[in-house]
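Below you'll find the structure, written out as structure tokens, and then a few comments.
The values are calculated or read from the model by the stated rules, or taken from the named source; none is laboratory data. All values reported here derive from a predicted model rather than from experimental measurement. As a convention, Cβ positions derive from the backbone with ideal geometry for all residues, glycine included, and neighbour counts pool all protein chains shown.
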Amino acid sequence: MRIAILGAGLSGLVLAEQLQDCAELVLFDKSHGVGGRMATRRADDFAFDHGAQFFTARSKAFRRFLLPLVETGVIAQWEPRVLTLAAGEKPYKRDWFEPHYVAVPGMTALCKALAEPHVLQLECCVTGITPVEHAGIRKWQLMTSAGPAGEPFDWVLSTLPAPKMQMLFEDHLHTFPFDVQQSLAEVVLSPCFALMLGFAAPLSLSFDAARIKHPVLDWVSVNNSKPGRSASTALVLHSSASWARENTDNEKDWVAEQMLAAFQSVLPATLPAPQLQVLHRWMYASVEQPLEHSSVLQTGVRLGFCGDWCTGSSVEAAFTSAMHLAAQLKTQL
């Protein structure tokens with residue numbers, strides 16, 4: 001039994017962990033590394049978690065999953081000073097009433113640990129899936145930008161964002177239940193800009209993380225305040241979803257300039273010029289309207305999909321969705 005898993009973020013890697021004793025698995029991802037939005041960018045002496053900032057663990061299943069990773073130091077609790085910032089207003093403290101976690105030494109570390117035992121095809125963009133007959137059995141041939149992806153697969157499981165999955169499964173979505181097709185048509189994902197700023201010297205800031213009340217910005221974190229990070233001062237700014245949607249095609253330099261100006265407007269003192277400035281655009285950063293199905297498996301055509309966008313935007317949602325799909329598939333293997 002051969003299974004192709006599209007996407008090597010947390011959902012794809014949890015699927016692989018759950019199914020590794022049931023089938024031969026190959027994970028495909030267009031990026032040069034694993035993790036998806038659990039991403040860390042390194043440049044010079046700086047490191048930036050420019051995607052997912054942290055995660056919580058509210059279910060017993062997710063806490064059980066994290067426990068050995070906490071024990072080995074791959075996961076640690078982050079206890080920052082958290083404020084809300086707004087132009088012309090006094091900052092006020094935000095309390096976190098539950099543990100918040102990060103991977104160490106960067107957010108990619110969790111997925112790197114999970115990926116170690118698996119077969120990965122990285123920098124490999126799957127462009128299509130085609131049904132084929134192989135030894136008298138209907139299977140799936142994956143096509144990539146470089147041609148066919150080896151031998152056909154019995155099952156194809158997608159953990160890609162909804163628009164990417166729908167493009168690949170387009171000719172076969174009519175076989176899925178009608179309510180799933182309806183829900184897919186209503187899924188809404190939002191973009192986000194991440195501005196990474198590296199400074200030559202420490203900054204005198206009264207926070208390690210902050211929610212920002214501004215049309216342009218939503219969040220800032222002092223990345224080096226997280227456990228196990230480089231000491232070099234590294235800030236990550238996240239734009240608001242609405243502003244990113246309105247400006248997604250604008251020039252990167254202009255976007256960075258607007259985000260930096262918005263950040264300066266909520267600070268009491270002038271920010272020094274950064275030594276390093278990098279902008280990244282996430283096309284599918286958050287979920288405004290989820291699928292509202294934990295995952296979907298269509299046994300008739302041997303296709304399935306999962307991901308955080310099925311129920312929400314969180315790291316835990318990605319885990320829960322993958323566990324749900326794996327449980328469904330195990331009954332078929």
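Table for the structure above
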| read-out | value |
| --- | --- |
| Residue among A103, A86, A61 that is in the same structural domain as I212 (by TED's automatic domain parsing), closer than 27 Å to L303 by Cα and modelled with pLDDT of 95 or more | A61 |
| Any chance A231 is part of a loop (DSSP other than H, G, I, E, B) and of a type in the set (A, V, I, L, M, F, W, C) | yes |
| Total residues in the range 258-315, condition among the basic types (K, R) and farther than 26 Å from I129 by Cα | 1 |
| Single residue of the range 201-216 satisfying the filter (among the aliphatic types (A, V, I, L, M) and part of a loop (DSSP other than H, G, I, E, B)) that is surrounded by the most Cβ atoms within 10 Å (Cβ to Cβ) | V216 |
| Top-ranked residue of the range 178-200 - restricted to ones that are over 20 Å from L237 (Cβ atoms) and assigned to a strand (DSSP E or B), ranked as nearest to the chain's Cα centre (by Cα) | L189 |
| Residues that are closer than 18 Å to Q166 by Cα and hydrophobic (A, V, I, L, M, F, W, C), drawn from the range 290-317 | L291, V296, L297, V301, L303, F305, C306, W309, C310 |
| Test: A113 is among the hydrophobic types (A, V, I, L, M, F, W, C) and surrounded by fewer than 21 Cβ atoms within 10 Å (Cβ to Cβ) | yes |
| Whichever residue in the range 288-305 is part of a loop (DSSP other than H, G, I, E, B) and farther than 18 Å from E170 by Cβ and, among such residues, is modelled with the lowest pLDDT | E292 |
| Residue match in the range 163-176 (condition: in a strand (DSSP E or B) and of a type in the set (V, I, T)) | no |
| Any chance E257 is loosely packed, with under 15 Cβ neighbours inside 10 Å and in a helix (DSSP H, G or I) | yes |
| All positions within the range 37-55 that are surrounded by 23 or more Cβ atoms within 10 Å (Cβ to Cβ), among the small types (G, A, S) and more than 17 Å from A317 (Cβ to Cβ) | A47 |
| Long-range neighbours under 6 Å by Cβ, at least six apart or interchain, first residue closer than 13 Å to V156 by Cα within the range 17-39, second part of a loop (DSSP other than H, G, I, E, B) | A23/M1; V26/V119; L27/A8; L27/H118; F28/C124 |
| Per-region count, the range 306-316, residues in a loop (DSSP other than H, G, I, E, B) and closer than 13 Å to Y284 by Cα | 4 |
| Flag for L67 being touching a Leu at 6+ places or on another chain (Cβ under 8 Å) and either surrounded by fewer than 13 Cβ atoms within 10 Å (Cβ to Cβ) or under 30 Å from Q328 (Cα atoms) (or both) | no |
| The range 273-324, subset free of Cβ contacts under 8 Å to residues at least 24 places away in the same chain and not aliphatic (A, V, I, L, M), residue surrounded by the fewest Cβ atoms within 10 Å (Cβ to Cβ) | T311 |
| Criterion (touching a residue at least 12 places away in the same chain (Cβ under 8 Å), in the same structural domain as V301 (by TED's automatic domain parsing) and assigned to a loop (DSSP other than H, G, I, E, B)) met by exactly one of E151, E98, E79 | E151 |
